[in-house]
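Input: a single structure, listed below in structure tokens.
Bear in mind that the values in this text are calculations on the coordinates, not laboratory data. Everything quoted here is computed from the prediction, not taken from an experiment. Cβ: placed from backbone, ideal geometry, glycine included. Neighbour counts: every protein chain shown.
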Amino acid sequence: MQESDPQSGIEAPQKLSDTDQAKVNAFLARGVNAVERKPFKPLFLIFLLIVVVAGFSLLSQGIAQWAEIY
């Protein structure tokens with residue numbers, strides 16, 4: 001069985017047997033892999049990290065002033 005490459009139109013040999021491909025498809029259709037997720041956004045994660053670190057810094061400065069360390 002041959003699969004065609006839609007971009008080049010060239011027939012490519014199938015890399016897996018039909019049984020192996022069925023096993024791969026079954027694995028991808030269950031468990032963690034079955035859930036559709038939003039794309040990962042690293043900029044949001046960096047922004048969240050900056051906000052959390054800044055928040056803890058301000059909290060520690062406030063506690064230090066409240067305890068009259070500074």
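Here the calculated FRET efficiency for residue 66 and residue 46, from their Cβ-Cβ distance with R0 = 35 Å, stands at 0.70, rounded to the nearest 0.05.
For residue 15, the lysines whose Cα falls under 23 Å of its own Cα, not counting residues fewer than eight places away in the same chain, are 23.
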